[in-house]
Amino acid sequence: MSNHPNLSNQTPAHITSHLPKLATATSSYASRYATAFTASTPTRANAIAIPNNERGTAQHDAVQHTNDYYDIVTRSFEAGWGKQFHYAPFAPGDSVAHALTFVVYRLAHLMGLRAGMRVLDIGCGIGGPSREVAKFVGCEVVGVSINQFQVNRAIEITAQQGLGHLCTFIQGNYMHLVDTVDEEGNVVEGLFPEGSFDAVVAIESMCHAPSWEGVYRQVWKVLKPGGVLGFTEQVMVDEPEEVQVPNEAGGRGAVRSNGEKVRFDEENAEHVGVRNRLEVGTGISQLRGSTEARMTLRKVGFGIEVDEDFARYFDRLYGEPAVVRGRDGQVESWSMVKIPNRNGMGFHYAPAPKEPYPEIKVGLQNGGRYSVPPVYRPWWYPLMGNKLAVELGASAEDRYLASQMSHRNRSFWFGLTKILVWLGIWPSSIVAVNKTMTLCVDEYLAAGSMGIFTPCWMFVGRKIEHGQEA
């Protein structure tokens, strides 16, 4: 779920066609969070405490809450972030667009997707990941979104890209993928018969589900025997300390540069405040923990094959460069990859360049500064909205995006919006859109930099038939 702090990229005509629906959705959404939307402009300096009764109201009506949210923000997301509404860490030279696509390609690879498969993308947004999977793998993809406006955009963009032979999109509730029985014993018709798909993909979307067990069971039922579920999820990092140390693939959890382990603490008022405001800014009615996701997957009947915080994927490269040093401390090789010896015994390393090669400092250093040109950047770097974030941008589009995130720029557009509303040119609902985006940007940045939240914990699980061993 990406974000953009204002509607500055959109012309009045671009917005006007969507205004009636926008006004209705904004009124409905804001009614659940009176504290946030009756306050002055939310900022980190004036943090708003979201009471639990308002969280409960949103959780009780999670489906409508999600639909309202995406009626409000979809145009803004697309204008500011692109066709894919998710996050990713950044390798050297990666633009936002490239990093987001890399997440999808890596997930497709780990899932073992291949041509000829029938894949379901639940919570598909405007179809960005669906189209990338189809292009990368050559399989057929059916995308499902609760929001009809997103479905319309997905169909339009897919037709423009000539991918209609591989991708299609429908409006629907992923809590009812197959027939279900409600609490009163009535059968609720599903979208598909059981056992319809070889694989299910979900990119930062099942966090909107009112129940993880409910949506995981629906996925389990719609998959063929042995089918695979691959997804990234927005979660609070609440891992026990013994599983937080990163492994070579990025590993679980977060570890600060000084080795101190980080986790979300339900007893920590600052942590809880950030989480509650983040829920308002993202439309997620209840942000849950990574531990709950893992336990629920196993309970429903998935054998977990991949389990990692992908936001930390490049963490092993945040410290000293991966070099081989001799006894005198001099660099002998700039790679730790072992090369087999010709005689079949032992191995050696590629020799270091003969020309002097400078030591490279990478990652967060000296109070949060990075090396420039950019090396590995965290998922939240574009949201910093400062000069450093602009310098770290890998493209003109990325640098513009980072500049748009500055408090000065957002304050300007918020003030302009209020003037246009006062003049009667725009409806008052646009002010609530800006407030939502402000909370989205500020609390993502706060939660990410604190290490208590990740937008992309990655799981791959395979359907296990009852009686099989996980």
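Just a few scattered comments:
- Boolean, VAL375 is part of a loop (DSSP other than H, G, I, E, B) and either at pLDDT below 80 or not hydroxyl-bearing (Ser, Thr, Tyr) (or both): yes
- Scanning the range 385-402 for residues that are more than 15 Å from LEU100 (Cβ to Cβ) and either open to solvent by less than 40 Å² (accessible area, probe 1.4 Å) or without any contact (Cβ under 8 Å) to a residue 12 or more places away in the chain (or both) gives GLY385, LYS387, LEU388, ALA389, LEU392, ALA396, ARG399, TYR400, ALA402.
- Residue that is modelled with the highest pLDDT, among those in the range 272-292 that are part of a helix (DSSP H, G or I) and surrounded by fewer than 20 Cβ atoms within 10 Å (Cβ to Cβ): GLU292
- Candidates SER205, SER196 - the one that is more than 18 Å from HIS109 (Cα to Cα) and touching a helix residue (DSSP H, G or I) at 6+ places or on another chain (Cβ under 7 Å): SER196
- Scanning the range 403-426 for residues that are open to solvent by 40 Å² or more (accessible area, probe 1.4 Å) and either assigned to a loop (DSSP other than H, G, I, E, B) or not β-branched (Val, Ile, Thr) (or both) turns up SER403, HIS407, ARG408, SER411, PHE412, TRP413, LEU416, LYS418, TRP422, LEU423, GLY424, ILE425.
- Subset of the range 70-91 that is open to solvent by 20 Å² or more (accessible area, probe 1.4 Å), of a type outside the set (Asp, Glu) and part of a helix (DSSP H, G or I) - its residue that is modelled with the highest pLDDT: ARG75
- Search result, residues across the range 177-204 that are modelled with pLDDT of 95 or more and surrounded by fewer than 18 Cβ atoms within 10 Å (Cβ to Cβ): PRO193, GLU194, GLY195
- Residue match in the range 380-387 (condition: over 21 Å from the mean Cα position of the chain (by Cα) and more than 21 Å from PHE264 (Cα to Cα)): yes
The values are calculated or read from the model by the stated rules, or taken from the named source; none is laboratory data. Being a predicted model, the structure only gives us computed values, none of them experimental. With ideal geometry, Cβ positions are generated from the backbone for all residues, glycine too; neighbour counts draw on all protein chains shown. Ligands, DNA and RNA are excluded from the accessible area calculation, which covers all protein heavy atoms including side chains. Shrake-Rupley method; radii C 1.70, N 1.55, O 1.52, S 1.80 Å.
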